[in-house]
Amino acid sequence: RRAAEVFGRLDVVVNNAGYGLFGMVEESTEEQARAQLDTNLFGPLWVTQAALPYLRAQGSGHILQVSSLGGLAAFPTLGLYNASKWALEGMSEALAQEVAPFGINVTLVEPGPYGTDWSGASAVHTEPLPAYEPVRAARRAGASARTPQDARGTAAVVLELVDTDEPPLRLFLGTYPYPVVEAAYRKRLDTWNEWRHLASRA
């Protein structure tokens, strides 16, 4: 409301707040799980609901939901984070169809790994169970092989995105997500097709 009063309209709404909960699904406490969903899913929901009356009234606007590569593919040690971003993806895909008749666009921005504080001081960690140490070690080894990208290059891309007449529903930031998501989708399709004989009997 304050922004609409000051500027006379809302052109772009960016739901960027979020953090990572690092730990196994079994290790996550109820408090940690609820806090993760409160920030990464319900935060964007409440901001979106607050902005939509203004966007509908003016017949235009663009909502950017900052999702993640982890909203399309799941990784060990990030189960609750994945859950929050997968939920954001589903909600936003439905939202895009609901608000299109009002001239409102929705884009899910899906970054790959960037050299931000996401895995640093802003992260929350579960209390580790020793049984999962091999899984944790393998994940650390994989992470050390990745070179995080410089996040400073994203600003110009996002500005170009919001100036586009017909923006996409989804946009990767960086090239890292492409092979990861392509492999994940191939595996899903292969699994569904492999088990079609059982599915058809249901």
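The values are calculated or read from the model by the stated rules, or taken from the named source; none is laboratory data. Quick caveat: nothing in here was measured; it's all calculated off a predicted structure. Here the Cβ positions follow ideal geometry from the backbone for every residue, glycine too, while neighbour counts run over all protein chains shown.
For the range 169-199, a residue qualifies if it is under 25 Å from residue 15 (Cβ atoms) and exposed (fewer than 11 other Cβ atoms within 10 Å of the Cβ), and exactly one does: 175.
Looking only at the range 1-49, count how many residues are under 20 Å from the mean Cα position of the chain (by Cα) and in a helix (DSSP H, G or I).
Selection size over the range 1-49: 18.
Go through the range 73-103 residue by residue and tally those that are free of Cβ contacts under 8 Å to residues at least 60 places away in the same chain, in a loop (DSSP other than H, G, I, E, B) and under 16 Å from residue 36 (Cβ atoms). Residues in the range 73-103 being free of Cβ contacts under 8 Å to residues at least 60 places away in the same chain, in a loop (DSSP other than H, G, I, E, B) and under 16 Å from residue 36 (Cβ atoms): 1 in total. Residues being buried (at least 24 other Cβ atoms within 10 Å of the Cβ) and aromatic (Phe, Trp, Tyr): count how many of those fall in the range 65-84. Residues in the range 65-84 being buried (at least 24 other Cβ atoms within 10 Å of the Cβ) and aromatic (Phe, Trp, Tyr): 1 in total. Residue 70 passes every criterion in (1) over 12 Å from the mean Cα position of the chain (by Cα); (2) at pLDDT 95 or above; (3) assigned to a helix (DSSP H, G or I) apart from (1). For beta carbons closer than 6 Å, sequence separation of 6+ or different chains, a first residue in the range 153-178 that is farther than 17 Å from residue 70 by Cβ and a second that is assigned to a loop (DSSP other than H, G, I, E, B), the qualifying pairs are 161/167.
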